[in-house]
Amino acid sequence: MSNDVDRVASLSAQEKRALLAQLLQKKLSATQTVYPLSYGQQSMWFMYQLAPDSAAYNVVFSARVVSEVDVALLKRVCQKLVDRHACLRTTFALQADRLVQIIPGYREVAFDQVDVSACTEAELRAEIAQAAERPFDLENGPVFRVTLFTHDRADHVLLIAAHHIVLDGWSMGVLLTEFRLLYEAERSGKGAALPVLTAQYTDFVAWQAEMLAGAEGERHWRYWQQQLSGERSVLELPFDRPRPPRQTFNGATLNFTLGDVLSRPLKELARVQQTTLYTVLLSAFRVLLYRYTGQTDIWVGSPTAGRSRAEYAGLIGDFINMNVLRGNLAGNPTFAGFLAQMRQTVFEAIEHQDYPFLLLVEKLSVQRAADRTPLFQVAFDLQRLVRSNELASLFVAPDSDARIDVAGLVLAPYPITQQEGQFDLTLQLAELEGVLAGAFKFNRDLFEAATIDRLQARYQALLAEIIANPEQRIDDWPLFEEAQQHAPRADREEIEI
């Protein structure tokens with residue numbers, strides 16, 4: 001005992017602080033709390049059980065680092081993020097037939113540095129893509145990992161990855177914003193002025209359960225029960241291959257840009273029609289699906305942020321919820337007329353967005369099919385990339401010259417394509433610097449890449465027709481092939497598979 005005391009006494013002040021931190025970490029690691037899951041997390045767990053080796057629900061961010069890196073500092077920043085947000089150190093398990101999330105008081109961040117100095121650029125990209133698609137073990141963790149691929153002293157790629165069960169798109173924006181603040185503070189030796197978290201994700205889980213058990217939950221349920229009543233038909237898109245007997249997640253992505261020639265007039269059309277850009281783009285997508293299938297009652301899934309309470313805005317977690325948006329194109333309406341219908345539908349869906357999709361499927365007694373998602377097979381999303389415009393520039397095309405200096409850590413865009421394949425088809429759009437960029441994400445067990453290339457060209461042609469004459473009836477627009485001849489020239493990217 002006296003020897004231990006003497007040994008501690010002989011340590012420097014810095015060594016004593018390090019020892020104290022180690023003891024505290026050991027104590028925290030031994031403590032843990034157990035909580036139930038939100039409905040969104042339950043849905044993610046269900047999908048994980050179906051395909052535990054799938055990367056369909058990996059959420060990733062990547063950036064090139066064109067400067068020297070203080071690796072120890074970078075790791076400390078990532079550890080602070082894990083310490084601050086309980087979700088990033090969570091695991092999941094069945095305990096006595098009850099699904100729970102287990103949150104330890106402390107967990108060391110999963111941080112790796114990989115030497116890729118011998119790799120060509122193609123080999124580097126392949127290795128990073130493989131790391132991004134590496135599945136997560138939700139039962140043992142980690143559910144969040146950071147990898148620094150070092151090619152040269154001032155040439156690296158930073159990859160941040162997490163499972164969707166603990167982090168959604170909004171959360172990635174929160175994480176990147178805090179990463180910057182923490183890195184700058186660590187570099188300067190000053191404390192980071194991060195806002196105090198007044199809640200954690202587990203508070204959201206408790207609030208959701210209480211809300212659903214009360215009058216507010218009943219009000220939401222009555223709306224969706226009425227909205228989704230009647231016959232439910234499967235959207236019969238013209239697939240290139242027969243649908244497999246079980247749902248697969250074999251995804252691919254086609255990226256495209258609408259350009260200023262479409263982006264600006266679409267925003268003006270939304271203003272004139274007294275609606276949002278989201279509703280205009282969604283309505284046009286529905287018309288496109290109608291022209292492909294001839295089906296008038298089309299159900300489309302669309303994600304909402306799920307953060308209707310202000311205290312959840314700065315949290316990391318899986319808040320996202322899928323709303324089912326129903327639109328009827330019967331009677332050959334004008335686009336403006338259909339847009340008015342969709343404006344009301346979107347407004348009401350936002351009002352009732354807190355009702356969980358998983359619970360909706362259960363209460364509607366939807367007969368689940370092994371080969372498709374329930375209620376909808378096609379999704380639409382207009383994304384807000386991240387809340388900082390500077391950080392958002394890192395999401396643009398790889399030939400961009402954008403550079404973000406984070407206290408000497410210079411970041412440049414290094415986008416990698418995620419091959420989710422969560423649904424048959426998803427149209428994802430985002431606005432950056434006033435211009436709309438898009439991606440069609442598709443299941444390549446159903447579609448050929450060339451089919452999706454034609455689809456995006458026809459969507460752009462349809463948007464051009466809508467801008468020219470929104471009062472035109474939807475059946476009276478030119479056939480696809482004729483319309484494509486008048487479509488604006490788009491700077492399309494290569495198909496990425």
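Just give me the residues in the stretch 246-269 being among the charged types (D, E, K, R) and in contact (Cβ under 8 Å) with a residue 12 or more places away in the chain, in sequence order.
From the stretch 246-269, those among the charged types (D, E, K, R) are 246, 260, 264, 267-268; that's our starting set.
Selection gives Arg246, Asp260, Arg264.
For the structure I just gave you, tell me whether Val366 is in contact with a Pro (Cβ under 7 Å, 6 or more places away or on another chain), in a loop (DSSP other than H, G, I, E, B) and touching a residue at least 12 places away in the same chain (Cβ under 8 Å).
Working: in contact with a Pro (Cβ under 7 Å, 6 or more places away or on another chain): yes; in a loop (DSSP other than H, G, I, E, B): yes; touching a residue at least 12 places away in the same chain (Cβ under 8 Å): yes.
Against the criterion (in contact with a Pro (Cβ under 7 Å, 6 or more places away or on another chain), in a loop (DSSP other than H, G, I, E, B) and touching a residue at least 12 places away in the same chain (Cβ under 8 Å)), Val366 qualifies.
Please work out which residue is farthest from Phe249 (Cα to Cα), limiting yourself to the stretch 117-148 and to residues that are without any contact (Cβ under 8 Å) to a residue 40 or more places away in the chain and among the aliphatic types (A, V, I, L, M).
Among residues in the stretch 117-148 that are without any contact (Cβ under 8 Å) to a residue 40 or more places away in the chain and among the aliphatic types (A, V, I, L, M), the one farthest from Phe249 (Cα to Cα) is Ala118.
Select, from Ala185, Ala162, Ala215, Ala192, the only residue that is closer than 24 Å to Leu99 by Cα and of a type outside the set (S, T, N, Q). Write out each step before concluding.
Working: Ala185 fails: closer than 24 Å to Leu99 by Cα; Ala215 fails: closer than 24 Å to Leu99 by Cα; Ala192 fails: closer than 24 Å to Leu99 by Cα.
Exactly one of Ala185, Ala162, Ala215, Ala192 is closer than 24 Å to Leu99 by Cα and of a type outside the set (S, T, N, Q), namely Ala162.
Among the numbered criteria (1) part of a helix (DSSP H, G or I); (2) touching a residue at least 24 places away in the same chain (Cβ under 8 Å); (3) surrounded by fewer than 21 Cβ atoms within 10 Å (Cβ to Cβ), which single criterion is violated by Ala450?
Of (1) part of a helix (DSSP H, G or I); (2) touching a residue at least 24 places away in the same chain (Cβ under 8 Å); (3) surrounded by fewer than 21 Cβ atoms within 10 Å (Cβ to Cβ), only one is false for Ala450: (2).
Quick one: Asp152 ticks every box in (1) free of Cβ contacts under 8 Å to residues at least 40 places away in the same chain; (2) not assigned by TED's automatic domain parsing to the domain that holds Ser62 bar one, so which box is it?
Unmet condition: (2).
Just to verify a result, which residue in the stretch 164-195, among those that are charged (D, E, K, R) and surrounded by fewer than 19 Cβ atoms within 10 Å (Cβ to Cβ), is farthest from Ala407 (Cα to Cα)?
Quick first cut of the stretch 164-195, residues charged (D, E, K, R) only: 168, 178, 180, 184, 186-187, 190.
Next, only the ones that are surrounded by fewer than 19 Cβ atoms within 10 Å (Cβ to Cβ) stay: 184, 187, 190.
On the way: Glu184: 5, Arg187: 7, Lys190: 13 Å.
Only one residue fits best here, namely Lys190.
Return only the number of the condition from (1) modelled with pLDDT of 90 or more; (2) among the β-branched types (Val, Ile, Thr); (3) in contact with an Asp or Glu (Cβ under 6 Å, 6 or more places away or on another chain) that Val205 does not satisfy.
Unmet condition: (3).
Just one of Ala284, Ala252 is crowded, with 18+ Cβ neighbours inside 10 Å, on the phi < 0 side of the Ramachandran plot and part of a helix (DSSP H, G or I); which is it?
Working: Ala252 fails: part of a helix (DSSP H, G or I).
It is Ala284.
Ala161 - would you say it is surrounded by fewer than 19 Cβ atoms within 10 Å (Cβ to Cβ) and not polar (S, T, N, Q)?
no
State all residues of the stretch 149-163 that are more than 18 Å from Arg403 (Cβ to Cβ) and in contact with a helix residue (DSSP H, G or I) (Cβ under 8 Å, 6 or more places away or on another chain); if no residue qualifies, say none. Even if it seems obvious, please write down each step before you answer.
Just the residues of the stretch 149-163 that are more than 18 Å from Arg403 (Cβ to Cβ), to begin with: 149-150, 159-163.
Scanning the stretch 149-163 gives Phe149, Leu159, Ile160, Ala161, Ala162, His163.
Can you name the residue in the stretch 34-60 that is of a type in the set (Ser, Thr, Tyr) and assigned to a loop (DSSP other than H, G, I, E, B) and, of all such residues, is surrounded by the fewest Cβ atoms within 10 Å (Cβ to Cβ)? Steps first, answer last, please.
To start, the set of residues in the stretch 34-60 that are of a type in the set (Ser, Thr, Tyr) comprises 35, 38-39, 43, 48, 54, 57.
Filter once more, so that each one left must be assigned to a loop (DSSP other than H, G, I, E, B): 38, 54, 57.
Values: Ser38: 26, Ser54: 19, Tyr57: 22.
Filtering the stretch 34-60 for residues that are of a type in the set (Ser, Thr, Tyr) and assigned to a loop (DSSP other than H, G, I, E, B), the one surrounded by the fewest Cβ atoms within 10 Å (Cβ to Cβ) comes out as Ser54.
Among the residues of the stretch 118-154, how many are among the charged types (D, E, K, R) and part of a loop (DSSP other than H, G, I, E, B)? Explain how you work it out, then say what you get.
Step one: list which residues in the stretch 118-154 are among the charged types (D, E, K, R), which gives 121, 123, 125, 127, 133-134, 137, 139, 145, 152-153.
Of the ones still in play, those that are also part of a loop (DSSP other than H, G, I, E, B) are 133-134, 137, 139, 153.
Count: 5.
Based on this model, can you work out whether Phe249 counts as touching a Gly at 6+ places or on another chain (Cβ under 8 Å) and among the aromatic types (Phe, Trp, Tyr)?
Details: touching a Gly at 6+ places or on another chain (Cβ under 8 Å): yes; among the aromatic types (Phe, Trp, Tyr): yes.
So Phe249 fits the description; yes.
Any residue in the stretch 436-452 that is farther than 19 Å from Ser302 by Cβ, among the small types (Gly, Ala, Ser) and under 25 Å from the mean Cα position of the chain (by Cα)?
Step one: of the stretch 436-452, the residues farther than 19 Å from Ser302 by Cβ are 444-452.
Subset that is among the small types (Gly, Ala, Ser): 449-450.
Next, from what is left, pick out any that are under 25 Å from the mean Cα position of the chain (by Cα): 449.
Yes: one or more hits.
Let's see how each residue does on (1) more than 22 Å from Ala310 (Cβ to Cβ); (2) modelled with pLDDT of 90 or more:
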| site | (1), (2) |
| --- | --- |
| Val174 | no, yes |
| Thr198 | no, no |
| Ala209 | no, yes |
| Glu218 | yes, yes |
| Trp224 | yes, yes |
| Gln227 | yes, yes |
| Asp240 | yes, yes |
| Asn250 | yes, no |
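Between a residue in the stretch 290-319 that is over 30 Å from Arg84 (Cα atoms) and assigned by TED's automatic domain parsing to the domain that holds Trp477 and any residue that is among the basic types (Lys, Arg) and assigned to a strand (DSSP E or B), which pairs come within a Cβ distance under 6 Å, given they are 6 or more apart or on different chains?
Trp299/Arg326
Any chance the stretch 277-290 includes a residue that's under 22 Å from the mean Cα position of the chain (by Cα), among the β-branched types (Val, Ile, Thr) and over 27 Å from His163 (Cα atoms)?
Taking every residue of the stretch 277-290 in turn, at least one turns out to be under 22 Å from the mean Cα position of the chain (by Cα), among the β-branched types (Val, Ile, Thr) and over 27 Å from His163 (Cα atoms).
How many residues, within the stretch 79-94, are surrounded by fewer than 23 Cβ atoms within 10 Å (Cβ to Cβ) and out of contact with any helix residue (DSSP H, G or I) (no Cβ under 7 Å at 6 or more places or on another chain)?
Number of matching residues: 6.
For residues that are among the β-branched types (Val, Ile, Thr) and in contact with a strand residue (DSSP E or B) (Cβ under 9 Å, 6 or more places away or on another chain), scanning just the stretch 63-87, find the one that is nearest to Asp168 (Cα to Cα).
Filtering the stretch 63-87 for residues among the β-branched types (Val, Ile, Thr) gives 65-66, 69, 71, 77, 82.
Those still in the list that are in contact with a strand residue (DSSP E or B) (Cβ under 9 Å, 6 or more places away or on another chain) too: 65-66, 69, 71, 82.
On the way: Val65: 24, Val66: 27, Val69: 27, Val71: 26, Val82: 16 Å.
Looking at residues that are among the β-branched types (Val, Ile, Thr) and in contact with a strand residue (DSSP E or B) (Cβ under 9 Å, 6 or more places away or on another chain), I get Val82.
The values are calculated or read from the model by the stated rules, or taken from the named source; none is laboratory data. Keep in mind that what you see is a predicted model, and the values were worked out from it rather than measured. Methodologically, a virtual Cβ is constructed for each residue, glycine included, from the backbone with ideal geometry; neighbour enumeration extends over all protein chains shown.
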